[in-house]
Amino acid sequence: MDIGSQLRNLLEEEGITQKQLAEALNLSTTTLNGYIKNRRQPDAKTIIRLASYFHTTTDYIYGLTSFREPMSVPYNAEERHLVNIYRGIPEDQKPLYLETGRAFSNFAKKNQQKQK
């Protein structure tokens, strides 16, 4: 998803207008409209201000994640590696990998219960 789509969704979810957001962030309505229509790209400081205003992450604003809420605990190195592996898998093969992961997880849970 692109920045413009993310901003349109956030405006709709929050029930505010472009004009209200532009005023809150001290942006011109023309500039904000350019972001929303993907005619312009906000700089990093503006992305941070947008994320702060909407209580979300910059990754969400950029459309890099579908999770609006910030993670309470960041990924460790192994988790980031697993996410990168998953992202490199062809779409038609992802369900198989997810099912394999679930099987490993269930196996681990059963072993933990047996040990108790």
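Odds and ends about this structure:
- Boolean, GLN41 is modelled with pLDDT of 90 or more, under 18 Å from MET1 (Cβ atoms) and more than 16 Å from the chain's Cα centre (by Cα): yes
- Residue in the range 10-24 that is β-branched (Val, Ile, Thr), open to solvent by less than 70 Å² (accessible area, probe 1.4 Å) and within 13 Å of the chain's Cα centre (by Cα) present: no
- ARG80, sole failed condition from (1) over 15 Å from the mean Cα position of the chain (by Cα); (2) farther than 30 Å from ALA24 by Cβ: (1)
- Where helices (runs of 4 or more DSSP H) fall entirely within the chain, those with at least 3 residues that are without any contact (Cβ under 8 Å) to a residue 40 or more places away in the chain are at 3-14, 18-24, 29-36, 44-53, 77-88, 94-115.
- Within this structure, GLU69 fails the test of being open to solvent by 90 Å² or more (accessible area, probe 1.4 Å), among the acidic types (Asp, Glu) and either over 30 Å from GLY101 (Cβ atoms) or in contact with a Leu (Cβ under 7 Å, 6 or more places away or on another chain) (or both).
The values are calculated or read from the model by the stated rules, or taken from the named source; none is laboratory data. In this text, all values refer to a predicted model and were calculated from it rather than measured experimentally. All Cβ positions, glycine included, derive from the backbone under ideal geometry; neighbour counts span all protein chains shown. What goes into the accessible areas is simple: the full protein's heavy atoms, side chains included, and nothing from ligands, DNA or RNA. Shrake-Rupley method; radii C 1.70, N 1.55, O 1.52, S 1.80 Å.
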